[in-house]
Amino acid sequence: MRESQIITLLEGCGWGGAARLPMGADWSTRRYERLTRQGAAPPSAILMDADGAGAAQVPPFMQVCALLRECGLSAPEPYAAAPDQGLLLLEDYGDDSFARLLEGGADPWPLYRLATDVLIHLHDRFRLDQPGAAGLPHYDLALFSTQVGLFGDAYFLAAGQPLGDAARAALDAAWRVVLEGVLGRLPVSLLLRDYHPGNLMLLPARAGVRAGGLLDVQDAGIGPVSYDLLSLLEDARRDVPPDIQTAMRTRYLDARSGVGADAFNASYAVMGAMRHARILGRVAQLCAQGGSRKQLAFLARVWGQFAHAIRHPLLSPVAEFVANHLPPDGAVGHILDQAA
């Protein structure tokens, strides 16, 4: 059944005879194939197959890609789509993700400068009243609180310290106090959420910020401008040198005179703690589901990032709760032992 749906889509847009090479899947249920053909342009395309519940992600992905292109940035053009079936044929950005280039020994400075400049450009150009922005989720107190809830559920359970109802409510209250202290202090813009080198593609034939291709944007919404730079510089998958982190934060603030440094830095700290906590919860959840060693390998790094983030005075309610309910190492070793 699924294969017949794919064939119908491809034959209907001139790609029926293309060669198909599996590209694997990401952290979601989506899988990808690269299609190649001869004698026609373009010669290649990417098939995104988001079967089942994943089909709901196709319309927002298309919506956000269109918004990004309206802002003068590079997001894949759709060649064909069957959104109700979770199928999308996309422009092929090649294989040069920033992650692959960094792992191959490329100079990180030009890549992080380009990634930072893409955010500067986006935050300068995007307008909340753009027609295509209607219906996007708002990363507000309610949504952030929901997302960080996975930390209180999955992580503490995996650490062997499940929370009772009273403790769980106390953790929710701590996060609420912290988030209320920073939300509303910064401008908001299009928040891409998973802005890291694995989702950034180098497109050297394109000029300026369009050389940075954007992928995996279906979870975008409206939220604080600090979030995506934090996601880039405090990456779950790799250690970003401190001098690059400092330089890119300075680069961003220097370019955006309307963003106050104190408010930005406060929001950056809170967004960091919250994002790291959400990832810890997600990795713990994957661990309980038999997640791969590759995913579990992130655990120690992200715990270190989280532990550092909650040292900020604004995070004291969360830091106090964590100190009272988890060992200093976050029980990382215990979680990994249970997954072995």
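The values are calculated or read from the model by the stated rules, or taken from the named source; none is laboratory data. Keep in mind that this is a model prediction, so the values were computed, not measured. As a convention, Cβ positions derive from the backbone with ideal geometry for all residues, glycine included, and neighbour counts pool all protein chains shown. Just so you know, the surface numbers come from the protein's heavy atoms only, side chains and all, with ligands and any DNA or RNA stripped out. Shrake-Rupley method; radii C 1.70, N 1.55, O 1.52, S 1.80 Å.
Details
- If you filter region 94-103 down to residues that are part of a helix (DSSP H, G or I) and in contact with a helix residue (DSSP H, G or I) (Cβ under 7 Å, 6 or more places away or on another chain), you find that the one that is farthest from Ser74 (Cα to Cα) is Leu102.
- Hey, Met62 aliphatic (A, V, I, L, M) and in a strand (DSSP E or B) or not: no
- So His308, is it more than 24 Å from Arg176 (Cβ to Cβ) and open to solvent by 70 Å² or more (accessible area, probe 1.4 Å): no
- Across region 24-59, the qualifying residues are those that are among the polar types (S, T, N, Q), in a loop (DSSP other than H, G, I, E, B) and over 17 Å from Leu192 (Cβ atoms), and the one among them that is most open to solvent (accessible area, probe 1.4 Å) is Gln38.
- The residues of region 193-250 that are under 30 Å from Ala142 (Cβ atoms) and of a type in the set (Gly, Ala, Ser), listed by number, are Gly198, Ala220, Gly221, Gly223, Ser226, Ser231, Ala236.
- Test: residue in region 316-328 that is surrounded by 22 or more Cβ atoms within 10 Å (Cβ to Cβ), at pLDDT 95 or above and within 20 Å of Val225 (Cβ to Cβ): no
- Residue tally, condition open to solvent by 60 Å² or more (accessible area, probe 1.4 Å), within 25 Å of His138 (Cβ to Cβ) and either touching a Cys at 6+ places or on another chain (Cβ under 7 Å) or not in a helix (DSSP H, G or I) (or both), over region 65-93: 0
- Scanning region 256-307 for residues that are among the polar types (S, T, N, Q), outside any loop (DSSP other than H, G, I, E, B) and without any contact (Cβ under 8 Å) to a residue 60 or more places away in the chain yields a count of 1.
- Taken over region 200-236, residues that are closer than 28 Å to Asp129 by Cβ and assigned to a strand (DSSP E or B) amount to 8.
- Answer from Arg282, Arg256, Arg311 - the residue that is out of contact with any Pro (no Cβ under 9 Å at 6 or more places or on another chain) and under 23 Å from Asp194 (Cα atoms): Arg282
- Across region 104-133, the qualifying residues are those that are under 19 Å from the mean Cα position of the chain (by Cα) and open to solvent by 40 Å² or more (accessible area, probe 1.4 Å), and the one among them that is nearest to Asp254 (Cα to Cα) is Asp117.
- Among (1) touching a residue at least 60 places away in the same chain (Cβ under 8 Å); (2) over 30 Å from Gln5 (Cβ atoms), the one test that Gln85 misses: (2)
- Lone qualifier among Leu171, Leu157, Leu186, Leu191 - being at negative phi, surrounded by fewer than 20 Cβ atoms within 10 Å (Cβ to Cβ) and aliphatic (A, V, I, L, M): Leu157
- Listed conditions (1) under 24 Å from Gly221 (Cα atoms); (2) free of Cβ contacts under 8 Å to residues at least 12 places away in the same chain; (3) among the aliphatic types (A, V, I, L, M) are all met by Ala166, apart from (1).
Yes/no per residue for (1) of a type in the set (Asp, Glu); (2) at pLDDT 95 or above; (3) surrounded by 17 or more Cβ atoms within 10 Å (Cβ to Cβ):
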| site | (1), (2), (3) |
| --- | --- |
| Pro224 | no, yes, yes |
| Asp235 | yes, yes, yes |
| Val240 | no, yes, yes |
| Thr246 | no, yes, no |
| Thr250 | no, yes, no |
| Gly258 | no, no, no |
| Tyr268 | no, yes, yes |
